[in-house]
1. With respect to Ile12, is the statement that it is of a type in the set (Val, Ile, Thr) and in a helix (DSSP H, G or I) true?
2. State yes or no: is Ile11 crowded, with 16+ Cβ neighbours inside 10 Å and β-branched (Val, Ile, Thr)?
3. Which one of Gly123, Gly88, Gly105 is without any contact (Cβ under 8 Å) to a residue 40 or more places away in the chain and in contact with a Ser or Thr (Cβ under 8 Å, 6 or more places away or on another chain)?
4. Between a first residue in the stretch 18-32 that is touching a residue at least 24 places away in the same chain (Cβ under 8 Å) and surrounded by fewer than 24 Cβ atoms within 10 Å (Cβ to Cβ) and a second residue that is among the aromatic types (Phe, Trp, Tyr) and part of a helix (DSSP H, G or I), which pairs have beta carbons less than 8 Å apart while being 6 or more apart in sequence or on different chains?
5. Being within 17 Å of the chain's Cα centre (by Cα), surrounded by fewer than 16 Cβ atoms within 10 Å (Cβ to Cβ) and in contact (Cβ under 8 Å) with a residue 40 or more places away in the chain is the filter here, so list the residues in the stretch 91-101 that pass it.
6. Which numbered condition trips up Cys32, out of (1) out of contact with any Lys or Arg (no Cβ under 7 Å at 6 or more places or on another chain); (2) modelled with pLDDT under 85; (3) within 25 Å of Val100 (Cβ to Cβ)?
7. Among residues belonging to the stretch 35-60 that are of a type in the set (S, T, N, Q) and touching a residue at least 12 places away in the same chain (Cβ under 8 Å), point out the one that is farthest from Met138 (Cα to Cα).
8. Go through the stretch 102-153 and give me each residue that's crowded, with 20+ Cβ neighbours inside 10 Å and in contact with a Cys (Cβ under 6 Å, 6 or more places away or on another chain).
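The values are calculated or read from the model by the stated rules, or taken from the named source; none is laboratory data. None of these values were measured; they are calculated from a predicted model. FYI the Cβ positions are ideal-geometry reconstructions off the backbone, even for glycines, and counts take in every protein chain you see.
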Amino acid sequence: MLFSAFSIWCIICLLRHRRNNLLRAWGWLALCVTPGVIIQNISWLSGTAGMKIDLRDVFITLPYSWYVLSCGQSVIKVFEENVKNWTGHRTFTMIDNWPVFFALGFLQAVILSYVVARRLRAGRSLKDPMVISAGVFMCVNAILASSWNWAGT
């Protein structure tokens, strides 16, 4: 929940052209995840993702969905392959081991935000190839992760 609130704040900073480049960078990356979140929630509403939820549940899961998809397939892959060795847990992997998932996702977000923030600090705009590449990575990463049933893994 806190992650989503922070991400929304950063998106507002991005859109209002605030001076803090790290917040703007985080906002840019969070905004790029939005297509994956939309795809996941539409597939959950329609039942094509192996689970069916109603519209009320979308609003309940949306903050968590946004966080999980911000981590994307890159974090999911590392997490799924290593979490049992790291924690000994395998049942309901994401839910039981959320601190590990959170740490991996946070590390990825900080690294990418730092890269984008440095480009913005250097006077580059959102049209900079490195900034666009980071955004495309986050978007594709989130879309690839949108079929992961994180609520029941």
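1. yes
2. Spelling it out, Ile11 is indeed crowded, with 16+ Cβ neighbours inside 10 Å and β-branched (Val, Ile, Thr).
3. Gly105
4. Here the result reads Leu22/Tyr114, each pair linking the stretch 18-32 to a residue that is among the aromatic types (Phe, Trp, Tyr) and part of a helix (DSSP H, G or I).
5. Hit for the stretch 91-101 is Ile95, nothing else.
6. Looking at each condition in turn, Cys32 falls short on (2).
7. My answer is Ser43.
8. Correct list: Gly105, Met138.
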